[in-house]
Each structure stands twice: as structure tokens, then as C-alpha cells.
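Okay, so here's the structure we're looking at.
The values are calculated or read from the model by the stated rules, or taken from the named source; none is laboratory data. The structure displayed is predicted, hence computed values, not measured ones. Keep in mind that these areas ignore ligands, DNA and RNA; they rest on the heavy atoms of the full protein, side chains included. Shrake-Rupley method; radii C 1.70, N 1.55, O 1.52, S 1.80 Å.
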Amino acid sequence: MSVTELRPTGRTPRTPAKSASKEAAEAEALRAKTDAAKAAADIANQLKAAKAAAEIAEGHARAEEIRQKSAERAAEAARTRAQAQQAREKAERSAAQWRTAAKAIAVTCVIVSLPLQLMAFWSPGAPFLLAAPLVLEGLAWALLKGAEAAIDEVRPSWHYRALAGAVALFAATVNYLHGSGEFGIGTGLGGAFCSLAGPLVWDLHEHGRIRKRDARKTRRERREEARRLAAETAEKQAAEQRETDDREARETIRSQQWPQVWERAVALAAALGELHPSEPTWKRAWDDVEGAALGDTATAISARVTAKAAVKDAAKDPANQTERVEKTQVESQVPTPVKGTRVRATDGRRNNGGTPPVRRAGDTLAYSPAARRAMSLAARRPRAGA
């Protein structure tokens, strides 16, 4: 192809007129294509709307589930508070009833035991002794009130309670002796029991208040806590025993495998005040003896270096190369412009292997029109300059 053939002539070829049937067919094809695109867009929009609706429904369901769970938690919390309030009210009611019953029993016991004591201390020659029973009963209840005040003020109350018990025991002895001698043993036992029962019942009431104030644990709770502490102690001892066994095994292995390092570690541990060589002490002893990182020795390092050198030499040996990677042949498609006189020599380009290979027809793809135009222009420039 010559340069004249490649040069544009400046004339545009006339496009033949299209027939009416062809234009109608093209319009129908365009309409069908438009309808198809619209249908595809409608389908995509419907899919997006369905997906959005499903996500919205799922969000509503999740929100409803969260609201239900929140309502259930609120109802459970309300039930818990109501149960706690009921338990608290029941405890307060029981405490009030117990206090009223204890007072009633104490008053009843005083009504039974006091007349026996009055008859026991009555003497026509010494009527003033009638005040003795009042003193005994009053002293006992005064001491119990002192114990109550000590409990409310968080003070020791045992001595008040002990003295009240001693006074009640003395009154019971008087009632038993007088009642048995005058009215029979039954009356004596009843009077003695009433003299002791009133103060003892009230003391039990105060004892419960002390336990509630001090939050003392029951016997069952103490047994459970003792069992738990025993289990924790046993587990701790077992863990310490396992740690001791592991340390002894580790020290035995180290002393047998590396005796020199172990001797140095023992010496360092003695100097540092350690009963057994610690890990930092063992690492320092290893560095002192072997002069390398922990686990490395001169023999191991030498063997590793030798092995790496052998692997490197084996990789360089052509006999050990099972695959060869051939380099892609790079060919010059455009000749180098001639600039003056030059001596033909061996091609020194890197990847051409020396002298470029011989070109043959059909060994490369055909050039595009734009490439042919560029090659034509490049070929004409040296002649124009000449």
C-alpha cells in the first residue's frame, strides 16, 4: 500500500437512503428494547420494594419482640418487687405478732408466779417482805429492758440477760419450794416454770433481734460455707501440688540435659536469694554458659548454618532444577531510524539474546490502520530531512 492510498481524499462517501420497512423494523426493535428495559426496571423496582418491605416487616417484628421482652422484664421486676414487699410486710407482721405473744406470755407468767412468791414471803411479823417478790420480778424485767436498750444501741447485752436469768432462777426456786410444801409438787413445778418461762420467752425474742441486727448466719449456712471453704482449700492445695510436681520435673530434665547451665543457674539462684532457679535466672545462666539465645547452642547454630548453605548450593545446581522458566522473546516491530553512518554489530539489547531473530511472514498479527498510518509517517520523516 502506497502513501497515496493511505492519504485521505477529503471526500465522504454518501450513505444510501434507508427503506421505510427497514426504518419501521428498526423503530419496532428500539420500541421493543425500550419496553424490555422498562419491564426489567419495573421488575428490579418491585424486587427492591419487596426486599425493603421484608426488611421493614423484619424490623417491625424485631421491635415488637424487643417490646415484648421489655414488657416481660418490667412485669417480672414488678412481680419481684411485689413479692419482696409482701415478704417484708409478712416479716414485719410476724415480728409484731411474736412480740405481742411474748409480752402476753410474760404477763401471764407474772400473774401465776407472783402470788406464790407473795405467799412465800408473807409473815405477820414482817409484812415488809411482801416487797421482795415485786423486787425479784421487777429486777428481772428491768434487766431484760436493759438488754433491749443495749441491743438497740449496738452494745453488749449478754451480762444483762445473764443477770435476768439468775434472778428468774432464784424466783423459780422460791416458788418450787413454797408451792411444793404448801400445795403439792404440781403447784411448785407450775410456779417454778412460770417464773422461768416469762423471762426466757422474752430473752428468745431479744436473741432473734440480735441475730437479725448482726446478720448472723444459720447453722446450715455455716456448714455450707465450711464445705465451700474446704473445697476451695483442697483445690488450692491440689493446684500447688501440681505446680510443685511440674517444677520438679522441669528441674530434673534441665539438670540432666544441660548440667553446666543448671549448675550456673543454681549458683545464680543462691546469689539472688531464690530457693529454686526462676525462669529469668535460668535464661541468664543459659546466656552465661552458651552465649546465645535460650535454646540455642554453638553446635546447633553451626548445624543450622551448614544446612542452609547446603540448601542454597543445591538450589544453584542445574541438575536439581526440575523446571526452567523460558524468557519471553521480545522482537522489534519498528525499525530504528537511520542516523548517519553506523557500523553493523551484534545487537546488544538485553532480552533479544544477541542478534535479533529472523522475521518471517505471518509470525505477528496484522497492523491496525492507525498503526499503518503512524509507520508511514515515521518512514517519511528521514527522507524529508534528507
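Odds and ends about this structure:
- Scanning the stretch 75-86 for residues that are open to solvent by 60 Å² or more (accessible area, probe 1.4 Å) and not hydroxyl-bearing (Ser, Thr, Tyr) turns up GLU76, ARG79, ARG81, GLN83, GLN85, GLN86.
- Filtering the stretch 89-143 to residues that are acidic (Asp, Glu) and either part of a loop (DSSP other than H, G, I, E, B) or open to solvent by 60 Å² or more (accessible area, probe 1.4 Å) (or both) leaves GLU89, GLU92.
- Residues that are among the β-branched types (Val, Ile, Thr) and either within 39 Å of the chain's Cα centre (by Cα) or not in a helix (DSSP H, G or I) (or both) within the stretch 248-303 comprise THR252, ILE253, THR281, THR297, listed in sequence order.
- Residue in the stretch 221-237 that is in a helix (DSSP H, G or I), basic (Lys, Arg) and closer than 30 Å to TYR160 by Cα present: yes
- Going through (1) open to solvent by less than 60 Å² (accessible area, probe 1.4 Å); (2) under 30 Å from ARG211 (Cα atoms) one by one, ALA234 falls short only on (2).
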